[in-house]
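K.L.:
Take a look at this one; I'll ask things after.
No value in this document is a laboratory result; all are computed from the given coordinates. Keep in mind the model is a prediction, meaning the values are calculated, not measured. Cβ atoms come from the backbone with ideal geometry, glycine included; neighbour counts cover every protein chain shown.
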Amino acid sequence: MVSMRLYKRVRVSLVALLLSILVPINVAVAELRIEVTKGVDDAVRVAVVPFSHKNRGRLPLDITEVIDFDLTLSGRFETLPTSQMLSLPNDSTEVFSRDWRLVKVEYLVLGYLESRGDKVQLHFELYNVFKQSVEVKQVIEGSRDELRDMAHYVSDVVFEQLTGIQGAFSTQIMYVTASGDVNVQEYRLNIADADGQRVRTILASNEPILSASWAPDGKKVAYVSFERDRRPAIYIKNLVTGARQQITDYPGLNSAPAFSPDGKQLAMVLSKDGSPDIYVLDLASRKLRRITRHYGIDTEPAWTPDGKSIVFTSDRGGKPQIYSMPLVNLKIERLTFEGDYNAKASMLADGSGLIMVHRSEGVFHIAMLDLNRGRLRVLTETSLDESPSIAPNGSMLIYATQKRGEGILAAVSIDGGVKFDLPSSEGNVREPAWSPMKRKVFTPVEG
Amino acid sequence: MGITKIRNILAVSLTALLLVGCASDETVDETDMGPDSGSMTTGEENMAPAEETIVQPKKPMIDSSTNRITIFDLGDAETLTGVFYFDFDQAIVKRSGHVELDKHASALMSERTLRVRLEGHADERGTREYNLALGERRANAIRAYLVAQGVSRSQIEVISYGEEKPEVMGTGESNWARNRRVEFSYR
């Protein structure tokens, strides 16, 4: 990509890791790899010292490796390889600071595991080498098959302590893959951990799947599938129970479902009344309300964080641009004026900006529009970029792009400082949607 | 990707060879006029069904594997072009396709039980949902043309696949031009 003072390229295949954890039998899905293409210039030097297991027997997962990988892929940390560690302390009382000053490490992540029946206790500390002080010390408990969640939890705590930003390592990413040739394509709707691991397939079909989006509680997803008689329909899948419901079956488009922030309504695009318009369905009463009426294309509804307005794409002005509309009075206001193609907008959690697909000089990029200053900033350098989705911590966004003719996912920090790619070993990957919630939340059992 | 493409090309050429083989004693096909001509006849033969004598001669025939129709005019069989191409970001039916569309219209009007699905497509540029809308707009434009010729709306279903089902993989205008299309699928 571009020349940077710090140009890191990390390529870690975690097949061995994936095999070492308890993999459910039905999961034979290729994982996403992660390649950091740009890290911050002043990455913090951290050592994740191997966590020991105080009981007999090996645990099914190397927690240290997961934490190390999480911190590396965030682009904000440079981790010290185990081979360069002069000592391997498990808690702060065993630390000799000079061992770490010699290798210029600023922080240590220390810990050990203790099995207690079916449960595993994870003791960990974040240690500041220069101040010689403990910044965080926690104990969490989980089952043996939650070790990966526990590792992501540690990464989140470390990340937040050192950057002031909530970590997103415990979140998940949903995406669509397409493989095969033009005649026989296989589409899959997958969900993976934010580090590309633990991939599971929600739906596999020979007809297109698209527009997958999360309910705000992270327990349900909505998507469009063409599986029934090759016609589009909107479905909601409950990830906890596995139950699935067909929500729409109208003639024409059934497209772009988006849950309201309270999860009670679903915005969508239907063309049953002539042209594509935005509708809002109340999920409890099943009352459908049409909220745009225009002969042009209205699509890609997204809710504002307060749930009071919808932003959407419309070509009512001749070219696709972003508009907003409060649900109380449906007064439409145009938001974008720069460029002749702005689409698929979503709003930052604080309402200060829009993330969207923006075309300039014929090339599609992801851009951010500062709504207070009216300034548009292009965030990506790749081409054919689409489907941006913001991480729940608001600091990163993931999007779909192309590399060497293949659809891949890539991520960029909102400030543009960190970039990484997530190529899959199988097929084209597209339409990422970052989960709104953590997969598993732990409560520390003691200070 | 490269391998897939080569495999596709091979598959297409093999199919073409087979078809040429079958149709060798028939009249020569129309030449391939390319995607921009608004009319494509690649890989088609003038199929004269074996049971022609027992079927009513004027009735259009549907090929259930390709979902295309063959019409019969004064004893000559003609399989109609099932694909119509569009310009970038446009949903205007090209004049070059009118003659072929008129044949579809006549067939649909002569046989009111015929049903056709117009499948709209877009190239990969731009967002997926917007491209779904664009594909639908193209299919609607073809439907409007047919209805203007006298075809009943109830015979036509419009579906858009947006950029999800390209005719050819790959980027670049020559591929994109072939993906911006409406396909006729008879049933």
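K.L.:
Mind giving me the FRET efficiency for A:Asn206 and A:Val240? R0 is 30 Å, r the Cβ-Cβ distance, nearest 0.05 is fine.
P.N.:
0.65
K.L.:
Further, regarding this structure: Mind ranking A:352-364, A:70-82, A:125-137 by how tightly packed they are, going by the mean number of other C-beta atoms within 10 angstrom, highest first?
P.N.:
A:70-82, A:352-364, A:125-137
K.L.:
Go through A:Val363, B:Val99, A:Asn55 and say which Cα lies farthest out towards the positive end of the charge dipole of the protein assembly as shown; charges sit on Cβ, +1 for Lys and Arg, -1 for Asp and Glu.
P.N.:
Going by the Cα projections, it comes out as A:Asn55.
K.L.:
Continuing with this model, one more query. Just add up the charged neighbours of A:Asp249: K/R +1, D/E -1, any other residue whose Cβ is under 9 Å from the Cβ of A:Asp249.
P.N.:
Cβ neighbours under 9 Å give a net charge of +2.
K.L.:
Taking the number of other C-beta atoms within 10 Å as the exposure measure, put B:Glu124, B:Glu157 in order starting with the fewest.
P.N.:
Ranking B:Glu124, B:Glu157 by Cβ neighbours within 10 Å, fewest first, gives B:Glu157, B:Glu124.
K.L.:
While we're looking at this one, here's another question. With a cut-off of at most 15 other beta carbons within 10 Å, and DSSP calling the residue loop, which chymotrypsin sites (Phe, Trp or Tyr not before Pro) in the stretch A:295-353 qualify? Please list them.
P.N.:
A:Tyr295, A:Phe337
K.L.:
Could you tally the net charge around A:Asp315, taking each other residue with its Cβ under 11 Å from the Cβ of A:Asp315, Lys/Arg +1 and Asp/Glu -1?
P.N.:
That sum, taken over residues with Cβ under 11 Å, equals 0.
K.L.:
Simple spin-label model, 7 Å along Cα-to-Cβ: A:Asp262 to A:Lys403 in nm?
P.N.:
Label-label distance for A:Asp262 and A:Lys403, simple model: 4.2 nm.
K.L.:
Could you tell me which of A:Asn254, A:Ala345, A:Ser389 has its Cα farthest along the dipole of chain A towards the positive end, charges placed at Cβ (Lys, Arg +1; Asp, Glu -1), taken about the Cα centre?
P.N.:
My answer, from the dipole projection, is A:Asn254.
K.L.:
Stretched out fully, how many nm does the piece from A:Val139 to A:Val378 gain, at 0.36 nm a residue minus the Cα gap?
P.N.:
My answer for the length gained is 81.8 nm.
K.L.:
Here is a further query. For chain A, what's the relative contact order in percent, using C-alpha pairs closer than 8 Å and at least 6 residues apart?
P.N.:
It comes to 13 percent, rounded to a whole number.
K.L.:
What is the spin-label model distance, in nm, from B:Asp102 to A:Val328 if the labels are put 7 Å beyond Cα along the C-beta direction?
P.N.:
Distance between the two pseudo-spin positions: 5.9 nm.
K.L.:
Okay, next question. Please state the charge dipole magnitude for the protein assembly as shown, taken about the Cα centre, from unit charges on C-beta atoms (+1 on K and R, -1 on D and E), reported in debye and rounded to the nearest 20.
P.N.:
With only Lys, Arg, Asp and Glu charged at Cβ, the dipole is about 1580 debye.
K.L.:
Further, regarding this structure: If each residue's Cβ is checked for other Cβ atoms within 10 Å, how do B:Thr113, B:Thr171 rank with the fewest at the top?
P.N.:
B:Thr113, B:Thr171
K.L.:
A follow-up question, please. Ignoring everything except DSSP H segments at least 4 long, calculate the 222 nm mean residue ellipticity for the protein assembly as shown; use -39,500 (n - 2.57) per segment, divide by total residues, nearest 500.
P.N.:
Estimated from H runs of four or more residues: -5000 deg cm²/dmol.
K.L.:
Separate question: What length, rounded to one decimal in nm, is gained on full extension from A:Val184 through to A:Lys104, with 0.36 nm per residue of separation minus their alpha-carbon distance?
P.N.:
Result: 23.4 nm gained on full extension.
K.L.:
Rounded to the nearest 0.05, what FRET efficiency is calculated for A:Gln132 and A:Gln84 with R0 set to 22 Å and r the Cβ-Cβ distance?
P.N.:
0.60
K.L.:
Other chains near A:226-233: what is the mean number of their Cβ atoms within 10 Å of each residue's Cβ?
P.N.:
Mean inter-chain Cβ contacts per residue within 10 Å come to 3.
K.L.:
Right, another one. Note down the net charge around B:Ile62, summing +1 for each Lys or Arg and -1 for each Asp or Glu among other residues with Cβ under 9 Å from its Cβ.
P.N.:
So the surrounding residues net to +1.
K.L.:
Relative contact order for the stretch A:250-350 using alpha-carbon pairs under 8 Å, separation at least 6, rounded to a whole percent?
P.N.:
Relative CO of the stretch A:250-350 lands at 19 percent.
K.L.:
Now a separate question. Among the aspartates and glutamates, which have Cα under 14 Å from the Cα of B:Lys103 when same-chain residues fewer than 8 positions away are ignored?
P.N.:
Correct list for B:Lys103: B:Asp73, B:Asp76, B:Glu78, B:Glu111.
K.L.:
State the answer as a single residue: which of A:Tyr127, A:Tyr112, A:Ser87 lies farthest towards the positive end of the charge dipole of the stretch A:42-163, with beta carbon charges of +1 for Lys and Arg and -1 for Asp and Glu, about the Cα centre.
P.N.:
A:Ser87
K.L.:
Further question on the same structure: Pairs of Cα atoms under 8 Å, at least six residues apart: use those to get the relative contact order of the stretch A:42-163, whole percent.
P.N.:
28 percent
K.L.:
Also, quick follow-up: Taking the number of other C-beta atoms within 10 Å as the exposure measure, put B:Arg153, A:Arg231, B:Arg137, A:Arg56 in order starting with the fewest.
P.N.:
A:Arg56, B:Arg153, A:Arg231, B:Arg137
K.L.:
Kirkwood-based Rg over Rh for the stretch A:172-434 (C-alpha set), two decimals?
P.N.:
Value, to two decimals: 0.94.
K.L.:
Report the extension gain between A:Ser115 and A:Thr443 in nm, rounded to one decimal, defined as 0.36 nm multiplied by the number of residues separating them, less their alpha carbon distance.
P.N.:
116.3 nm is the gain from fully extending A:Ser115 to A:Thr443.
K.L.:
Next question, about the same structure. Where the Cα atoms of the protein assembly as shown are projected onto their three principal axes, how long is each span, largest first, in whole Å?
P.N.:
Computed over the protein assembly as shown, the largest-to-smallest principal extents equal 98, 59, 48 Å.
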